[in-house]
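Structure record follows, encoded as structure tokens.
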Amino acid sequence: MRYMTAQLCQLDKRNWHHKPKYLLAWLDFHVFGDFESAKGELYSLIQMRSTTKQLASFYKTEFESPGKHYLYLEKYIRLLVLVLRNLKDRDDLQVLYKKVAKGEASLFNSHELSMLIKDTLEELLEPATEAKSGQEEVAPLVADDSSGARLS
């Protein structure tokens, strides 16, 4: 199935059809566990450069229902957040958080997406802060050990 979907993406020269790319990213993430490949497919749908204001890099086709474009974008961002969480990519999550906060007009439920990204960032930052605080607690024990007393 992945091969056929990849062939569909290659036939799309104008990059109009975004659903096969999302399907590839979904398959890579959920079925094959290839997070880097899923990230690459989603980056072809979402602009992650901090210099551009535009969040989506796919077009609303004439056959799409009104408002569907916003729902697709939200679905793609949710999958991207999952991928970035599994890759522990805090830098890209921070860029995505800023872009979602600025691009409220192009999203259906921007507040909920912002909260999801913020919670994911906090989840990724917690182990780093726990490790730092754990190191601070260990340091005095090593310094006290120089006196020759044994710690039991």
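Here, each number is a calculation from the coordinates, and none is a lab measurement. All of these numbers come straight from a predicted model, not from anything done at the bench. Don't worry about glycine lacking a Cβ; one is built from the backbone with ideal geometry, like all the others, and counts go over all protein chains shown.
Structure note, pairs Lys39/Lys75; Lys21/Lys88; Lys39/Lys102; Lys68/Lys88: Cα-Cα distances above 18 angstrom occur for Lys21/Lys88; Lys39/Lys102; Lys68/Lys88.
Global size of the range 19-81: 12.1, 34 Å for Rg and Dmax (C-alpha atoms, Rg to one decimal, Dmax whole). In the range 73-110, whose amide N lies under 20 Å from the spot 7 Å out along Cα-to-Cβ of Lys19? List them in ranges. Answer for this model: 73-80, 108.
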